[in-house]
1. Sorted from fewest to most neighbouring beta carbons within 10 Å, what does the list 102, 185, 226 look like?
2. Using Cα pairs under 8 angstrom and six or more residues apart, how large is the relative contact order of segment 73-170, in percent?
3. Hey, what did segment 145-193 get for relative contact order, percent, Cα under 8 Å, at least 6 apart?
4. Once both labels are modelled 7 Å past Cα along the beta-carbon direction, what's the residue 65-residue 196 spacing in nm?
5. Would you kindly compute the Cα radius of gyration of segment 5-243 and its largest Cα-Cα separation (Dmax), both in Å?
6. What ranking of 74, 216, 176, 37 emerges when the number of other C-beta atoms within 10 Å of each C-beta is taken as an exposure proxy, fewest first?
7. Hey, fewest Cβ within 10 Å first, where do 240, 196, 222 land in order?
8. How many angstrom separate the Cα center of segment 121-152 from the Cα center of segment 182-246?
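Just so it is clear, none of the values below were taken in a lab; they were calculated from the coordinates. All figures in this text were calculated on a predicted structure; none of them were measured in a lab. Reconstructed Cβ throughout: ideal geometry from the backbone, glycine too, with neighbour counts over all protein chains shown.
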């Protein structure tokens, strides 16, 4: 996705705001609940997300203007995120886990557009389902709609260049993107509440231990579901997939 000179300036300015506001505050988890993070962390994570969301707005705006035929794919990707990330599975450790659904959007539309879809979903879930929170919106957006999708996108592009089987490539990318989301969430929580004995590292390990028993199988399931949806799209939406560059024009 190419951005105009004006759009690049806006994105760069948002990056500058991020650098000025986030790091000096000591920005030292998948849906982190309302009021769980200190306010400084809430603000810092929100500022860090700003450049990605702004770039995503420009990306979606361009899709609406130049590729209206693929709008249905964009809407479907957002709906997939909402539904699949709203299904909370109780964890044996007393917490809960759920799939992210962002891998599909990351593969089809890239990270910026996925960040916008993700933040919209998170706002609706926080307001309508009491799932996550508005104060923790920045942290949740970064882990679920930016970090995870970024890993998914990178792995998918790398697998495509390596000529990996397309279905295997989608599975690995979506599965690991899901797992990375929970790894980032664990780090976010550990930074806010470091262990007295082992600091952030020890606290991260503890949070990962809480999520791991249920998140590992859920990540595999999400990878499989993403593959199935892509297979369905390849059968019924070939023109749209070719238009966004997912499938080669023959």
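1. Least to most surrounded, the residues fall as 185, 226, 102.
2. 25
3. After rounding, I find 47 percent.
4. Going from the residue 65 label point to the residue 196 one covers 5.7 nm.
5. Calculated on Cα positions, Rg and Dmax stand at 17.6, 57 Å.
6. 216, 176, 74, 37
7. The order, fewest Cβ neighbours first, is 196, 240, 222.
8. Taking the Cα centre of segment 182-246 as reference, the centre of segment 121-152 is 13 Å away.
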